[in-house]
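Report on the following structure.
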Amino acid sequence: MGVVNVTPDSFSDGGRWLDPEDAVDHARGLVDEGADIIDIGGESTRPGSARTPAAQEARRVLPAVEALAGSGLTISVDTMRASVARAAIEAGATIINDVSGGLADPSILGVVADSEADYIAMHWRAHSATMQSDRLTHYDDLVPDVIAELADRVRAAERAGIPRHRIIVDPGIGFSKSGRQNWQLLQAIDTVQAAFPDLRVLWGVSRKGFLGSLLTDPDSGADTGTSTGAGTRPPLGRDAATQALTCWCAGHRAWAVRTHEVRGNRDACEVFARLGEGAEVEVPEIG
């Protein structure tokens, strides 16, 4: 799933694809590099960000959706709002990626139910302005708590009329979770996947802050990416680390990964898949 942020303030590439023509060109480039799905978002959900007015979000998203859907591409729209979801579906989107799982705007569930679109429900506790507070990153038992809260969102989607086969779940890496908790959740990927055996599971780890904290960089301020702390590797320097996690998720039967950079992640998946075939490899003699 290739990410196209039509926002001025996303943590990794804010402002780069704000112009509709640039967004469309970027999306087509991601498809050329191997993206199966294009995920378009008009509201930043980086930690600490303020909400975007609904009308502005729609103005950012819809031109790109209309241009790309007409090309036969699979388009997902990253939104928490029913009004934007409805307009996006009418414009040709076939997936609604709701990072709030229906908590931010419960009426979004009915909008999706009345369509033929798939619905991604992510684990979420609060909007970006407060989601990383100590209260919201506290769990009695991280993995069971995330699974239980995500399962509750699946039940809410079903009660609203979305058929189970159209529901996709996302454990919400980086949302109301500390860096340590992100690693713990990823290490428990088999447990998370097994909790939803009949559902598709999406993982979104691309360029996120916990990778930057792992990959300390004394020259972090020199990059065009935004650093999240002193000595932290900026977002644009985290693609190789993202590719490593893509292979981890692929090896544990993830349905899809959401990523800003596609070619390297696609290449990593191809190599991983080739190794999984068990083919014999000729080793040349030395000397």
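No value in this document is a laboratory result; all are computed from the given coordinates. Keep in mind that this is a model prediction, so the values were computed, not measured. So basically every Cβ, Gly included, is an ideal-geometry build from the backbone, and we count neighbours across all protein chains shown.
Observations on the model:
- For Asn97, nonlocal amide neighbours, meaning residues 5 or more places apart or on other chains whose placed amide H falls under 5 Å from its own, are Val77, Asp78, Thr79, Ile120.
- Rounded if a/c under 1.5, otherwise prolate or oblate - segment 1-120, Cα gyration tensor axes: oblate
- Simple rule: put +1 on each Lys or Arg Cβ and -1 on each Asp or Glu Cβ in the chain, find the dipole, and look at Gly110, His138, Gly42; the Cα lying farthest toward the positive end is His138.
- Which label in (1) 76, 51, 28; (2) 65, 49, 35; (3) 68, 45, 42 gives the computed Cα extents along the principal axes in Å: (3)
- Dipole orientation for the chain: of the candidates Gly29, His260, Met122, Met122 has the Cα lying most toward the positive pole (charges on Cβ; Lys, Arg +1; Asp, Glu -1).
- Selection from Ala82, Cys269, Val192, by position along the positive dipole direction of the chain (Cβ): Ala82
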